[in-house]
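The next block holds one structure in the form of structure tokens; read it before the comments.
The values are calculated or read from the model by the stated rules, or taken from the named source; none is laboratory data. Values in this document were obtained by computation on a predicted structure and should not be read as measured data. Cβ placement follows ideal geometry from the backbone for every residue including glycine, while neighbour counts extend to all protein chains displayed. Ligands, DNA and RNA are stripped out before the accessible areas are found, and what is left, the full protein with its side chains, is counted by its heavy atoms. Shrake-Rupley method; radii C 1.70, N 1.55, O 1.52, S 1.80 Å.
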Amino acid sequence: MEFVFLAYPSQPELRALSFLGVSLVYTLIISGNVLIIMAIQTEARLHTPMYYFLGSLSGLEVCYTAVVVPHILANTLQSEKTITLLGCATQMIFFIGLGSADCFLLAVMAYDRYVAICHPLQYPLTMTLTLCGRLVMASVVIGLFLSIQLAAFIFSLPFCRTRTIEHFFCDVPPVMRLVCANSHIHELSVLVAATLALAIPFFFIATSYVFIVAAVLKIHSAAGRHRAFSTCSSHLSVVLLQYGCCAFMYLRPSSSYYPKQDQFISLVYTLGTPVLNPLIYTLRNSDMKGTLGRLLTRNCLSQNN
């Protein structure tokens, strides 16, 4: 059994343009996130929990995009834009799993900021390297566990004779439209999974920031308040961008599914968010900018020599 993707352009000129555009964005995603990981590993000053989580987020972004973007690039050039049933299920498991892990990790980063600002004296004792590693692993394991459960449920349902997916890859909403069964029960199951992966971490993040804002407002120094808010603003920008797009896609009934609109939204969180995350974190962080500048300078000098 195979599925056929219908979202790709048919004209050769548009296919070539799409391939070049996606290739450029994917190159920026890989290079930006890999630079962040290298900067955090090479700079001793950045060996702190906050930057450990940032490096883990960049690693997740690289894996998350690798699940679908190379497949999108290959399909853009191929005349037969098909995927097997097993391939579709596998792609969905890793795409949803790593995307969910991204959301859980953002919640972990909010907890890290909460402890750093609200309980600064306990921070070195609470946020140990062992705990950081366990929190990152827990985010990935829980994300993949939820996605395996969801994909197993979806692909155990009977599919209609139509094998065409109006999308670029095997995402949940377009695949669910091919199911020939009682849609209300299945929609509810998908909504429960989306709530666990999106709504609960977002509620945790919002609660953390309520306590953070309350603690920051108690700081008498304007410079201290600015410094505390600046450490959280980058994270909050990424949270709003990531959760806004994902909530729009997954926390709604399939009756409000519009292929063209949803194809654009999916490209935003598949390509847009991963390429913006490194920019948001580096442009708003003086330590990261300085470290990246030194790293790029050393690489240029070594190449010249």
Exercise for the section: State, to one decimal in nm, how far the label point of T195 lies from the label point of Q78, with both points 7 Å from Cα in the Cβ direction. Expected result: 3.8
Problem - Separation of the L296 and F153 label points, Cα + 7 Å toward Cβ, nm - result: 4.5
Practice task
Report the extension gain between A138 and K260 in nm, rounded to one decimal, defined as 0.36 nm multiplied by the number of residues separating them, less their alpha carbon distance.
Solution key: 40.4 nm
Handout entry: Highest-first arrangement of 90-96, 243-249, 17-23, where packing means the average Cβ count within 10 Å
Key = 90-96, 243-249, 17-23
Practice task
Would you please classify the overall shape of region 9-158 from the alpha carbon gyration tensor, given that a ≥ b ≥ c denote the square roots of the eigenvalues, rounded means a/c under 1.5, and beyond that prolate means a/b larger than b/c while oblate covers the rest?
Solution key: oblate
Handout entry: Area of S79 that stays accessible when all protein chains are in place (1.4 Å probe, Å², to 10)
Key = 100
Practice task
Before anything else, pin down the relative contact order of the chain: Cα pairs under 8 Å, at least 6 apart, normalised by residue count, whole percent.
Solution key: 26
Problem - Helix-only [θ]222 nm of the chain, DSSP H runs n ≥ 4, -39500 (n - 2.57) each, per residue, nearest 500 - result: -25500 deg cm²/dmol
Practice task
Evaluate E = 1/(1 + (r/R0)^6) for A223 and C118, where r is the Cβ-Cβ distance and R0 equals 25 Å; express this FRET efficiency to the nearest 0.05.
Solution key: 0.85
Completion exercise
Charge dipole of the chain built from unit charges on the beta carbon (Lys, Arg +1; Asp, Glu -1), centred at mean Cα; most positive-end Cα among G97, L125, G244 is L125
Exercise for the section: Working from Cα positions, state the angle (0 to 90°, nearest 10) between the long axis of helix 129-154 and the longest principal axis of the chain. Expected result: 10
Practice task
Treating cross-link reach as a plain straight distance, find the lysines whose alpha-carbon is under 25 Å from the alpha-carbon of K81, omitting any fewer than eight places away in the same chain.
Solution key: K260
Handout entry: Shape call, the chain: gyration tensor on alpha carbons, a/c limit 1.5
Key = oblate
Completion exercise
Going residue by residue through region 70-78, the Karplus relation 6.51 cos²θ - 1.76 cosθ + 1.60 with θ = phi - 60° gives ³J(HN,Hα) values, rounded to whole Hz and with x marking Gly or Pro, of x, 5, 5, 5, 5, 5, 4, 8, 7
Fill in the blank from the handout: If one builds a Gaussian network model of the chain from Cα atoms under 10 Å apart, the most fluctuating residue listed among T42, T282, T270 is T42
Exercise for the section: Choose one answer from S189, S208, S147: the residue with the largest mean-square fluctuation in a GNM of the chain with alpha-carbon springs under 10 Å. Expected result: S189
Handout entry: Cut-off of 10 Å, at most 14 other beta carbons, DSSP loop: longest stretch of the chain lacking such trypsin sites (Lys or Arg not before Pro)
Key = 1-160
Practice task
Pop a pseudo-label 7 angstrom from the Cα along the beta-carbon direction at both S230 and H184 and give the gap in nm to one decimal.
Solution key: 5.5
Problem - region 75-163: C-alpha gyration tensor shape, a/c 1.5 cut-off, then a/b vs b/c - result: prolate
